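As structure tokens, the structure follows; a few thoughts come after it.
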Amino acid sequence: MVRAGVRAAPELAKLAIDETGFGVFEDKVAKNYLATEFLADYLRDKKSVGVVDEDVERNIVHVAEPIGVVLAITPVTNPTSTVLYKAIVAAKTRNAVLFRPSPFAVRSCERSVEILREAAEEAGMPRGALQVIPDAANEVTHYLFKHPDVDFIWVTGGPKIVALANSAGKPGLSVGQAVGQQAPELAARAGFSVPPTTKILLAPLPADLALLGEHPLVQEKLMPVLGLVRARSAQHSIAAAVLVTEHGGLGHTAAIYANDDDVVTAYGLAVRTGRILVNAPTAVGALGGVYNNLTPTFSLGCGTWGGSSTTENVNFKELLNIKTISHRRAPSQWFRVPANIFFNAGALENLRDIQCGSVVVVTDGPSQERGVVDQMRSKLRTSHVQVFSEVQPEPDEATIRRGVALLERAQPDLVVAVGGGSVIDAAKAMRVSYEHPEKNLEDLTLPFLDPRKRVADYPRDAHTVQLVAVPTTSGTGSEVSPAAVLTVGDRKETLVDYCLVPEVAIVDPLLTLSMPPSVTVDSGIDALTHALEAAVSIFASPYTDAYCVQSARVIFDALPKVFDDPGDLGARTDMANAATLAGLAFANAFVGTNHALAHAVGATFGIAHGRANAVFLPHVLRYNAGLPSKFMPAPGYSAYIAPDKYAQLGRVVFGGREPEESRRRLFQGVAELLDRLQMPRTLKAVGVAEDEFLEALPELAMNAFQDLSNRTNPRMPLVSEITDLLKLGYYGTDDQAVTAK
Ligand SMILES: NC(=O)c1ccc[n+]([C@@H]2O[C@H](COP(=O)([O-])OP(=O)(O)OC[C@H]3O[C@@H](n4cnc5c(N)ncnc54)[C@H](O)[C@@H]3O)[C@@H](O)[C@H]2O)c1
Ligand SMILES: [Fe+2]
């Protein structure tokens, strides 16, 4: 088709002029070349059939399908080049075309199609794929516009036909175009004469913008007459150009000749046209491929300004339905842990090896009174030690601010956090605020759906202050986790980022011997909850599973022992290690809805974190083992395996042959452990008044729903389900009453 078109370029140019009376022969020949040779050069390496593009990294394949039957309206102004161009583009994309030429250019269209059809059918194009419908009657056009077998309307024409096509209610592309008489003829009609070689008539127009706007020659002229405005400045000339485009040129093409890039940019920003040509002839330049790298076309999108759906130089892509085959993609996972973990009785000795010049010890009042700070002093290499001992359980922002003020005075190179989760969390938040005063905690607690895409902007640079975490409970796992839980108003907010992870964790069970029974039990159940939530998290991996299983197994064994005998160092050691193991698991898999519920009621009613976890644990286990009403969107989580994961863990700890049996034993093991530890099993038993609970319920449900911990729960909890779980937490269940004390 291209070859036939190139050979026929002069014949078709002559025919167009003879039939329409418009244009210049040589120009038309050039345009016919553009519509064939230039177009073919552009299309040569473009794929338009089958798989046309593949994005291996994103695992996406693009497949091209033809649109079907294209109704092509062609203009009087480029009556052959537009036909050549549309027919070749349709063949490239395997579409059939019905040509509907301007009534003044029917012969041009028919002859062009005849030449193309012969070549195309010889090359294998199905018969009838290129047709001309010459009947000039408007009704024929209307009929075709509405015809159910016409899939696409592709109009090149004046505003009337564009408007009509746009109202046909079919997908389509409509672009405007131009009508010419030669300059000497125009001059003669205007009553003056010019030499016969004159190409263009220049008409001086008023520089005053108001007068310019009213001048008849400001309109689209469709003939070789150019208006000339002498502008006072670049700014003035841009304003004049904008005014001219607003009078009939919107969306099409504008051009500027300038050497000053700032002027070019200002012009480009100001005029509302689809193409802005710089230092290039406008008519041929806009068609692309000759003076610039624009896509060659005879279909210039005029954007919404001109009633088109595009501002592009329309080419083959617009005639394709591109299907995107997108493969599921599970992003890679991670397992990140602190650089150093020292454990077992006497691990605190490792403090001696840590380089430091100036140290701040972060702790709470009771711990300082127990002499913990003195223990640290005796092992630290420096005597420059200051103490911040104001941390309260479930620390709040005011405490963090006071701590940061102390860090600013002390300028430490090492912070040692010694205490329970509250102390370690406070120290994490203090360090990040001290190192980055420009970050505020509120922004850092912004919720997210996927931690990899989160909006919250945590620091990425290296720490200037080292953090050593020494837990005295067993425990939160905060010594190895990227989380810090703070109380903000009446809510608990979680900071999560690996920049919060301490560089060193020292897990010395000797420090836990002094825990009173309530703290032992509360923090022990917190650790168990971490293991059981991380086990079914959507981010669970073989790496975290290993830690969950071992940690849960040890806790079921050792927690009753430390409850019975707080001085049992062996069991204390097991608990200390198990809590850190659970910490390593949830540091990477994170927790779930149990924690969301515990955070909500803990903050509202001042209930210790582990105790709040205990109240919900049996209910959340059962909830996650059920059939989800809503799944958590998670690419790496392909089937709902929470019930199986419970069964696997239950089997390791409690045996059982069938999955159901192992799962049942696990759930029963949890209930029995809670009873054995004399844990209150309901919020009612914890001492929350019913009317207060019911009054707080809607807000509790919303707070729990918004809690970050839900993000990794295998089931996406509905607010109504959270409300039910909260009620279960308050009232308990009948079968639970049997086992509860
Ligand atoms: N960052 C995390 O990854 C993470 C995980 C779970 C929980 N948490 C948070 O941790 C906090 C709870 O921490 P926790 O359970 O360790 O309790 P805690 O730090 O609040 O301490 C509870 C009480 O026990 C006392 N205590 C601690 N150790 C003691 C010891 N050895 N002897 C005597 N008394 C001792 C404390 O002084 C305090 O009065 C909550 O704010 C919770 O939200 C954080
Ligand atoms: Fe916890």
Determine the dipole magnitude for the chain: charges of +1 sit on the beta-carbon of Lys and Arg, -1 on that of Asp and Glu, nothing else is charged, the reference point is the Cα centre, and the result goes in debye to the nearest 20. 1940
Which one of N138, G732, P296 is farthest out on the positive end of the charge dipole of the chain, using unit charges on Cβ (Lys, Arg +1; Asp, Glu -1) and the Cα centre as origin? N138
Write out the chymotrypsin sites (Phe, Trp or Tyr not before Pro) in the stretch 14-77 meeting two conditions: DSSP loop, and at most 11 other Cβ atoms within 10 Å of their Cβ. none
Considering only the chain, what is the antiparallel percent among its DSSP beta bridges, to the nearest 5? 30
Where a ≥ b ≥ c are root eigenvalues of the Cα gyration tensor, a/c under 1.5 meaning rounded, otherwise prolate if a/b exceeds b/c and oblate otherwise, the stretch 65-200 counts as prolate
Sort K453, K428 by accessible area with a 1.4 Å probe, largest first. K453, K428
Answer rounded, prolate or oblate for the stretch 233-318, using the Cα gyration tensor with square roots of eigenvalues a ≥ b ≥ c: rounded when a/c is under 1.5, else prolate when a/b is larger than b/c, else oblate. oblate
Nonlocal amide H pairs with I67, under 5 Å, H built at 1.01 Å: N321
Where does the charge balance sit around A483 when Lys and Arg score +1, Asp and Glu -1, over other residues with C-beta under 15 Å from its C-beta? -2
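Determine the share of the chain's accessible area contributed by carbon and sulfur atoms, expressed in whole percent, with a 1.4 angstrom probe.
Reported share for carbon and sulfur atoms: 54 percent.
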So if a site counts as exposed when it's one of the GluC sites (Glu not before Pro), its DSSP state isn't H, G, I, E or B, and it has at most 13 other Cβ atoms within 10 Å, what's the longest stretch of the chain without one? 58-437
As a check on your grasp of the helix formula, calculate [θ] at 222 nm for the chain: sum -39500 (n - 2.57) over DSSP H runs of n ≥ 4, divide by the residue count, round to the nearest 500. -13500 deg cm²/dmol
DSSP beta bridges in the stretch 457-518 [antiparallel fraction, %, rounded to 5]: 75
Surpassing 31 Å at the alpha-carbon level, of the pairs K379/K439; K14/K160; K31/K317; K47/K630, are K379/K439; K47/K630
Nearest 10 degrees is fine. How inclined is helix 569-589 to the longest principal axis of the chain, computing both from alpha carbons? 10
Of S358, G124, F667, which is farthest towards the positive pole of the chain's charge dipole, taken about the Cα centre with +1 and -1 on the beta-carbons of Lys, Arg and Asp, Glu respectively? G124
Shape call for the stretch 479-524, from the Cα gyration tensor axes a ≥ b ≥ c (a/c under 1.5 means rounded, otherwise prolate when a/b beats b/c, else oblate), comes out oblate
In units of 2.2 N^0.38 Å, the Cα radius of gyration of the stretch 9-72 is 1.73
Compute the distribution of all C-alpha to C-alpha distances in the stretch 690-731, in bins of 10 Å from 0, and list the percent of pairs in each, rounded to whole numbers. 30, 55, 14, 1
Using alpha carbon centers only, the stretch 476-500 is separated from the stretch 294-335 by a whole-angstrom value of 44
Give the ranking of W334, W305 by solvent-accessible surface, highest area first, calculated with a 1.4 Å probe. W305, W334
For the stretch 7-83, give the magnitude of the charge dipole about the Cα centre (Cβ charges: +1 Lys/Arg, -1 Asp/Glu; no others), in debye to the nearest 20. 180
Could you work out the local net charge near F448, counting Lys and Arg as +1, Asp and Glu as -1, over the other residues with Cβ closer than 14 Å to its Cβ? -2
Please report Rg (one decimal) and Dmax (integer) in Å for the Cα set of the chain. 38.6, 118
Using only the Cα atoms, work out Rg/Rh for the stretch 391-434, with Rh taken as the Kirkwood radius, to two decimals. 0.93
In Hz, Karplus ³J(HN,Hα) per residue of the stretch 706-716 (6.51, -1.76, 1.60; θ = phi - 60°; x = Gly, Pro): 7, 5, 3, 4, 4, 4, 10, 5, x, 9, 7
Farthest towards the positive end of the dipole of the chain, among A579, L228, P195 and with Cβ unit charges of +1 on Lys and Arg and -1 on Asp and Glu, lies the Cα of P195
Between the stretch 610-649 and the stretch 235-286, what is the separation of their alpha carbon centroids in Å? 62
Quick one: how many Å² of S541 are accessible to a 1.4 Å probe, rounded to 10? 10
What order, most packed first, do the peptides 186-195, 513-522 have when packing is the mean number of other Cβ atoms within 10 Å of each residue? 513-522, 186-195
Leaving out ligands and nucleic acids, note down the accessible area per residue over the chain with a 1.4 angstrom probe, in whole Å². 45
Among residues other than R352 whose Cβ falls under 14 Å from its Cβ, what is the net charge (Lys/Arg +1, Asp/Glu -1)? 0
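The values are calculated or read from the model by the stated rules, or taken from the named source; none is laboratory data. Everything quoted here is computed from the prediction, not taken from an experiment. So basically every Cβ, Gly included, is an ideal-geometry build from the backbone, and we count neighbours across all protein chains shown. Note: areas computed on protein heavy atoms with side chains; ligands, DNA, RNA excluded. Shrake-Rupley method; radii C 1.70, N 1.55, O 1.52, S 1.80 Å.
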